[in-house]
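Undergrad: One structure is given below, represented as structure tokens, and several questions about it will come after.
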Amino acid sequence: MVIDHMFSVVIPASGIGKRMQAEIPKQYLPLLDKSVLEHTIGCFTDLPFVDEVVVVIAQHDEMFNTLKIANHPKIHKVIGGKERANSVFNGIKYLYEKGTQWVMVHDAARPCVEQDDIVNLAQHCFTNKQAGILGSPVRDTMKRAGSNSNLIEHTEERNGLWHAFTPQCSNVSQLFQALNSQISTQGDINPRVTDEASALEMAGFPVALVNGSAKNIKITQPEDLALAEYYIKSKKQ
């Protein structure tokens, strides 16, 4: 599949990942021969239609520049904000002011995304001139717990429910507008903005679901590293 339009990528990497219970941010944890973040960035840098990868790092991040990939010609650094959405907005603002047209936003802690899925998402969004995200239809029975309780309140109807992944792809101008409208004058982000798609939805822009591999896990808990290692090894076989 040939994509005849260039895309930029924003990777918010300024979080600290408290649930990993690690001494360093989870994006810098070792995974096989590299850091998690290096694997993630590498999923995009060798794609010919990706012209720039904007890595959004914390103000006092001293680790990123020690990575070999930090000197890659496609990499551009931006300083992040207090929440993930603020960091994404900083990256999108940079691209908006540059005049970039299309962007994919991808979690730093998703190093197992399949390149074929990235290509399919980019092709779908550019062909249909529409935002889209990678996802996977829910397979498990979904239970709703009561407020502040672990008791089941009811069973959710799973038809039409999807797990939302990244990348999430959009026209830069639309995403800039959508995020900007959800940030207060004090810089506080609307808590309903849980990903880029939610901001686009609230702004009235249609967002498509593009089926992607369930291997596209987000490293959140310590045991996720072992699963990510397994998936990355299987890619190389």
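Values in this text are rule-based calculations from the coordinates and carry no lab data. As the structure is a prediction and not an experimental result, all values here were calculated from the model. A quick note on method: Cβ atoms are made from the backbone with ideal geometry, for glycine too, and the neighbour counts reach across all protein chains shown.
Undergrad: How much length is gained on full extension from ALA214 to GLU229, taking 0.36 nm per residue of separation minus their Cα-Cα distance?
TA: Contour length minus the Cα-Cα distance gives 3.9 nm.
Undergrad: Still on this structure, please answer the following. Return, ordered by residue number, the residues of segment 195-230 whose backbone nitrogen is under 19 Å from a label point located 7 Å along Cα→Cβ of VAL119.
TA: So the set is 210-216.
Undergrad: Further question on the same structure: Got a sec? How would THR166, THR100, THR185, THR127 order by Cβ neighbour count within 10 Å, fewest to most?
TA: So the residues, fewest neighbours to most, are THR185, THR127, THR100, THR166.
Undergrad: Loop-only check: which chymotrypsin sites (Phe, Trp or Tyr not before Pro) in segment 1-107 are DSSP coil with at most 15 other Cβ within 10 angstrom?
TA: Taking segment 1-107 and a limit of 15 other Cβ atoms within 10 Å, no loop chymotrypsin sites (Phe, Trp or Tyr not before Pro) are found.
Undergrad: Sorted from largest down, what three extents in whole angstroms do the Cα atoms of segment 131-237 have along their principal axes?
TA: 45, 42, 29
Undergrad: Check LEU31: other-chain or 5+ apart residues with amide H under 5 Å from its amide H, H built from backbone geometry?
TA: VAL36
Undergrad: Out of segment 52-148, which GluC sites (Glu not before Pro) are coil in DSSP terms and have no more than 11 other C-beta atoms within 10 Å?
TA: Hits after loop and neighbour filter: GLU62.
Undergrad: By what distance, in whole Å, do the Cα atoms of the chain stretch along each of the three principal axes, largest value first?
TA: Projected onto the principal axes, the Cα atoms of the chain cover 52, 43, 39 Å.
Undergrad: Moving on. Enumerate the amide H contacts of ILE75 below 5 Å, restricted to partners 5 or more residues apart or on another chain; note that Pro and chain-start residues carry no placed amide H.
TA: Amide H neighbours of ILE75, under 5 Å, 5+ apart: VAL53.
Undergrad: Please list the helices of the chain that count as membrane-span-like by this rule: a mean Kyte-Doolittle hydropathy of at least -1.0 together with Cα atoms stretching 15 Å or more along the helix axis, each helix being a complete DSSP H run.
TA: 84-98, 115-128, 224-235
Undergrad: Oh, and also: Using the Cα centre of the chain as the reference point, and only Cβ charges (+1 on K/R, -1 on D/E), how large is the resulting charge dipole? Debye, rounded to the nearest 20.
TA: 140 debye
Undergrad: Below 20 Å, Cα to Cα, which lysines can LYS93 reach? Residues fewer than 8 away in the same chain don't count.
TA: Leaving aside lysines fewer than 8 places away in the same chain, those within reach of LYS93 are LYS74, LYS77, LYS82.
Undergrad: What number comes out for the charge environment of ASP195, summing +1 per Lys or Arg and -1 per Asp or Glu over other residues with Cβ under 15 Å away?
TA: That works out to 0.
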